1. Which of rounded, prolate or oblate describes the stretch 46-172 when judged by the alpha-carbon gyration tensor and an a/c cut-off of 1.5?
2. What percentage of the solvent-accessible surface of the stretch 172-303, computed with a 1.4 Å probe over protein heavy atoms, is contributed by carbon and sulfur atoms?
3. Can you list the HN-Hα couplings for the stretch 200-207, worked out from phi with the Karplus curve (6.51, -1.76, 1.60; θ = phi - 60°), rounded to whole Hz and with x for Gly and Pro?
4. K178: which lysines have alpha carbons under 30 Å from its alpha carbon, excluding same-chain residues fewer than 8 sequence positions away?
5. What ³J(HN,Hα) values, in whole Hz, does the Karplus curve 6.51 cos²θ - 1.76 cosθ + 1.60 give for the stretch 120-134 when θ = phi - 60°, with x put for Gly and Pro?
6. So for M198, M1, what's the accessible-area order with a 1.4 Å probe, most first?
7. When the Karplus curve 6.51 cos²θ - 1.76 cosθ + 1.60 is applied with θ = phi - 60°, which whole-Hz ³J(HN,Hα) does each residue of the stretch 244-251 get, with x for Gly and Pro?
8. Put R55, R275 in order of accessible area, largest first, 1.4 Å probe: what do you get?
Amino acid sequence: MLDLRRLRLLREVKLRGTLAEVAEALNYSPSAVSQQLALLEKEVGVPLLRKSGRRVILTPQAEILVSHTSTVLEVLEQAESEITTSLERPAGLVRLALFQSAALALLPEALTLLKKEHPQLRLEITQQEPEAALHATWARDYDLVIAEQYPGHAAARHPELDRIDLTTDPIRLGVSSKLRAEHSISSLADTAGLPWVMEPRGTASRHWAEQACRQAGFEPDVQFETADIQAHIRLVESGNAVALLTGLAWVGRKVTVDLIDLPGNPRRTVFTAARRASAGSPAIQVCRDVLSRTAELVNPAAR
């Protein structure tokens with residue numbers, strides 16, 4: 001019988017690429033990971049890894065093992081979900097990953113509802129960019145993720161993850177009243193040559209914002225790059241930059257800048273994703289229900 005813990009380590013090598021990253025993710029030492037994988041090779045009787053620069057690559061035999069390991073882990077996770085379903089009340093730990101504007105807009109009310117209705121449920125929350133969070137949820141670092149999809153820009157798809165839409169919010173051009181008056185800004189094209197603040201390269205929001213500017217006939221002058229949406233708002237308020245701002249950014253706060261509609265009135269979709277094997281867990285269902293109710297409460301502010 002092959003050791004499931006060692007098989008999981010092999011799967012983590014497939015996902016993360018280096019023994020050091022596996023060790024960090026699972027709170028092991030790199031030497032412990034190496035020793036366990038060496039023992040697994042002895043159990044299987046064939047080489048499982050080969051070095052490629054700083055990374056390690058799985059042999060064809062290791063790929064076969066990883067494929068079956070993923071199936072076993074999914075079955076075990078489904079069994080755990082069915083056990084918790086048999087309990088009278090949802091309990092346990094749910095690890096949630098989400099991006100900043102969703103955290104600011106949804107978390108305060110959602111946590112209040114969870115504490116009131118399900119005090120035995122523990123929610124551990126990590127702020128992470130949606131693309132990375134989706135991958136990490138697939139890799140079993142999190143149980144549930146709140147992610148986003150921009151119009152015409154498909155979010156990453158992982159076969160083991162489901163998807164339930166949570167809400168939508170408008171995307172508008174944010175400009176200070178003073179800057180708008182000085183440059184007679186009435187459309188996106190009027191911001192050509194002005195300083196912009198955008199999220200870091202590689203994010204869906206950055207790619208969408210750049211494409212929107214290019215379709216308006218110019219290359220944006222991105223002088224400020226940050227994932228902090230509150231920093232975006234402050235830079236726009238002070239007249240030091242313009243930005244594309246989503247509706248959720250204004251939940252719980254007064255709109256302090258001019259918001260100009262874009263052609264077609266584009267909207268961002270916010271959704272939750274969980275592994276299909278555990279999506280039926282009462283704890284995850286409760287979290288999704290609370291998040292859905294919270295989204296309905298704050299949605300008018302997001303419009």
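1. oblate
2. Carbon and sulfur atoms account for 46 percent of the accessible area of the stretch 172-303.
3. Once rounded to whole Hz, the list reads x, 4, x, 8, 4, 5, 5, 4.
4. In chain and number order, the partners are K254.
5. 7, 9, 10, 10, 9, 10, 10, 7, 8, 4, x, 4, 5, 5, 4
6. Largest accessible area first, the list is M1, M198.
7. Coupling constants for the stretch 244-251: 8, 10, 9, x, 4, 5, 9, 5 Hz.
8. Ranking R55, R275 by accessible area, largest first, yields R55, R275.
The values are calculated or read from the model by the stated rules, or taken from the named source; none is laboratory data. Only a predicted model underlies this, so the values are computations on that prediction, with no experimental measurement involved. The area values use the complete protein model at the heavy-atom level, side chains included, leaving out ligands, DNA and RNA. Shrake-Rupley method; radii C 1.70, N 1.55, O 1.52, S 1.80 Å.
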